[in-house]
Amino acid sequence: MKLIKTLLFIFLTAILGTLQAQDIHYSLYNMSPLTLNPGLTGSFYGTVRVGGIYRGQWYNVSDATGFETPSFYADAPIIRGFRDKDWVGVGLAVFNDKAGSVKLRTNASLISAAYHLGLGKDGNSVLTLGLQGGSVSRRFSQTRLQLADQWDASTGQFGETSQDDMIAGDGRNKATYVDFAGGLLFRTKNKDGAMLELGASAHHVTQPNESFLSSGGGTGGGNKNVADENKRPFLINAHAKYEWMLTDKWSAAPTAFFQTTRGAKEIALQAWGGYLLNPEQQIKLHFGLGYRFSDAAQILAGLDYKDLRVALSYDVNTSSLNTATNYQGAFEIAAWYILKIYKEPEVKQTILCPKF
């Protein structure tokens, strides 16, 4: 039974994708701001934000323990902008995505910058433009690659020889390219304290060549038609969040996420609730449910303690892969901490004398 589930899993994942790079995605997308939207760089109250997120999935399927995506980031609002209400944020994000039995790895180091434009007299609304760029490298294990022409029906096993370029020809197992992204973000807060966030971003705007074949190259060389076929597809995403207080202690925060690339779409909706457990210690519990359409239901939880936020999620697989995964999907753990380093203001002593 375990062998059948493993073969079924390999068959389904082979249909869903090959060695083409898959964009990373998180159920806790709001806990990975710099990979979500460059406009979120420096969009917080504090000195420096340091965080990370880890996603692992399909551990119950034999030989599928290699689906992992850890990511780390740091960002800061560094200087004022052209006006007193404006500021500039910069950040750095790195991630390592490992996928499948061939150990396909995607490593990225991305630098981002954002200009936050304060709107209105009260400064409670902000419009942000963010840009991001960096280096991406990909590699896989050729010794673990098994292709269709290696299958021997008489023995029921994979052979060692193949005519495919990825193994026998001029293929290679490494590729490197430069990637760019841009994003817009709008945030506003009303008099009652309710906050609305709307954002959209575009990734792989130059559509870099990601091919492992030396004829196409990871840097865009070789035959033009081959290079065009192996361009990283353009990706667009949009996200929204609305948070408001229901009572002095209870809050609600529905969120939405959408992304599309080369005809494929992902839509996720989440309903978060919050309870202020200890106002003096600034301890707040978060909990909720989510759903990524045609893929997974999500169980969500989190905790705020002063300037520390921790979150957990678990995906219950609901797609056609559940036959192999037994409805077990992915788990994530994420955290960020905001450092606040401020110089104590120098206040001159003032004596107020009443008039008689």
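Figures for the structure shown
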quantity: Cα-projected label distance for PHE72 with TYR54, points at 7 Å along beta-carbon direction, nm; calculated: 1.2
quantity: Protection proxy ranking, peptides 278-285, 199-206, average beta carbon neighbours within 10 Å, highest first; calculated: 199-206, 278-285
quantity: Theoretical gain in end-to-end length, LEU303 to ASN107 [0.36 nm per residue, Cα-Cα removed]; calculated: 67.6 nm
quantity: Residues ALA202 and LEU339, FRET efficiency given R0 of 35 Å [Cβ-Cβ distance, rounded to 0.05]; calculated: 0.70
quantity: Across LYS241/LYS306; LYS98/LYS340; LYS189/LYS284, pairs whose alpha-carbon gap is larger than 27 Å; calculated: LYS98/LYS340
quantity: Net lengthening on full extension, ASP192/LEU129 (0.36 nm per residue, minus Cα-Cα); calculated: 20.0 nm
quantity: Stretchable slack from PHE258 to LEU92, in nm (0.36 nm times residue separation minus alpha-carbon distance); calculated: 57.4 nm
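Values in this text are rule-based calculations from the coordinates and carry no lab data. Nothing here was measured: the structure is a model prediction, and the numbers come from that model. As a convention, Cβ positions derive from the backbone with ideal geometry for all residues, glycine included, and neighbour counts pool all protein chains shown.
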